[in-house]
1. Tell me, which residue of region 8-48 that is without any contact (Cβ under 8 Å) to a residue 40 or more places away in the chain and of a type outside the set (A, V, I, L, M) is farthest from R212 (Cα to Cα)?
2. Among (1) under 30 Å from E242 (Cβ atoms); (2) assigned to a strand (DSSP E or B); (3) not aromatic (F, W, Y), which single condition is G51 missing?
3. List the number of the failed condition for V352; all other conditions in (1) more than 16 Å from the chain's Cα centre (by Cα); (2) crowded, with 21+ Cβ neighbours inside 10 Å hold.
4. So how many residues does region 261-280 have that are touching a residue at least 60 places away in the same chain (Cβ under 8 Å), on the phi < 0 side of the Ramachandran plot and out of contact with any Pro (no Cβ under 9 Å at 6 or more places or on another chain)?
5. Just checking, does region 320-331 include any residue being buried (at least 23 other Cβ atoms within 10 Å of the Cβ) and in contact with a Leu (Cβ under 6 Å, 6 or more places away or on another chain)?
6. Out of the residues in region 396-417 meeting the condition of being assigned to a helix (DSSP H, G or I) and surrounded by 15 or more Cβ atoms within 10 Å (Cβ to Cβ), tell me which one is modelled with the highest pLDDT.
7. Hey, S35 hits all of (1) surrounded by fewer than 24 Cβ atoms within 10 Å (Cβ to Cβ); (2) assigned to a loop (DSSP other than H, G, I, E, B); (3) at pLDDT 95 or above; (4) in contact with a helix residue (DSSP H, G or I) (Cβ under 7 Å, 6 or more places away or on another chain) but one; which does it fall short on?
Amino acid sequence: MTRVGTDVAVTGMGLVTPAGADEDAFWDGLCAGVSTARRREELAGLPVDFGCAVDGIDLDAAIGGRSVWRMARFVKLALLAARRAVADAGLSPDRWDGDRVGVVLGVGVGGVSALVDNVRRLDGGGAEAVSPLLVPMMMPNAAAGEVAIALRAHGPSLAPATACASGATALALARDLLLDGRCDVVVAGGTDAVLTPLVVSAFAGMGALSRRTGDPAGASRPFAADRDGFVIGEGAGVLVLERAADALARGGRPRALLAGAGSATDAHHPTAPDPSGGGARKAVTAALREAGWRPDQVDHVNAHGTATPLNDAMEAALIAGLFPHRPSVTAPKGVLGHTLAASGAIEAVACVLTLERGAVPPIANLGAAPGEFGLDLVVGEPRAQEVERALSHSFAFGGHNVVLALQRFRADGPPPADRGVLDNA
């Protein structure tokens, strides 16, 4: 297909996270640099009994209507975030051409709580006890389907599953749909809600989670020398994307540009990253090439930063090698925990807010930047910085690497000096 235009704009954002369910609360939580991890009653007695949950919001009441009875938690999170994103964009299903609206929502697992509940019903009461709603509640594509129903979006509806990169994959696919001329608006992001004994036990059993049960709030420690694993979280992040020219023509407000996206696969191991960082490097290089940026033009990196020993070491070497000019680096998972499929989209929102607000949130639980990495890690308090260009990394189980290139929106376009030829990265 012939690509239509060159600039894709973020025009709306909505999220539901452990740090807050609206943009300002979320930003304040990130800038406070304090972890949201707490012990969870539903995890009591497990080797890891804590996580970062979305609390203080009645999802059923917030969504309203009778359809909530058929939705699993990850779907409710996505639907609420999507509605807020569309409203933030100044759009309405009552006024758009639904045939030109797409939905792309990444999900890692799906409705695992419904599955577990119905396995128990089957064991206790036989086949007749199994709910006829199990399949629509369990299937990972339910989020994309329910959001499309609610928004009357009849364009492509996709549910990419690239583990922890799913939200970023969704945004990359949405960008393609717009540039290929298949959609005029795409509602895209990621969602996951698997704070359950089964999933937490599985992650703990494979050694992926922090075992700091005596200090849950200090457990997620991206890039710290004593990091020992991630803290599981939940949430949803949804962005509305449009071609920038279309958004401006309708009187919309471009909040940032999704200037490029790059993807590559490690093909190394089901869960461990390639220690050489080869796949991640290819994804970064592809994102830079799409955006038309030189490496030295990157001002800021939102790191995947899971606080696992292998990921952080690989990612630190990658950033130091590609960007010797030392852009600022943050890692929101210190505050939010690892929201799995939602993380790439939630962190894309964080990048847009950094571009808009001229500040970089600090990394939680990191008192000082370790000298071993040679990175400009933001610690202690938010750093005032006028960021023009930011990269957001998502590196996932299965070897999926996705990198998003987000650029500050300027109505008069970037300065001429910024239109350089990309050097080899």
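The values are calculated or read from the model by the stated rules, or taken from the named source; none is laboratory data. All of these numbers come straight from a predicted model, not from anything done at the bench. Every residue, glycine as well, gets a Cβ built from its backbone with ideal geometry; the counts of neighbours run over all protein chains shown.
1. Checked region 8-48; the qualifying residue farthest from R212 (Cα to Cα) is D24.
2. (1)
3. Tallying (1) more than 16 Å from the chain's Cα centre (by Cα); (2) crowded, with 21+ Cβ neighbours inside 10 Å, V352 fails exactly one: (1).
4. Looking only at that region, the number is 10.
5. So far as region 320-331 goes, yes, one or more of its residues are buried (at least 23 other Cβ atoms within 10 Å of the Cβ) and in contact with a Leu (Cβ under 6 Å, 6 or more places away or on another chain).
6. The selected residue is G398.
7. (1)
Here's the yes/no breakdown for (1) among the β-branched types (V, I, T); (2) in a helix (DSSP H, G or I); (3) within 22 Å of E42 (Cβ to Cβ):
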residue: V109; (1), (2), (3): yes, no, yes
residue: D123; (1), (2), (3): no, yes, yes
residue: P132; (1), (2), (3): no, no, no
residue: P140; (1), (2), (3): no, no, yes
residue: G145; (1), (2), (3): no, yes, no
residue: G155; (1), (2), (3): no, no, no
residue: A165; (1), (2), (3): no, yes, no
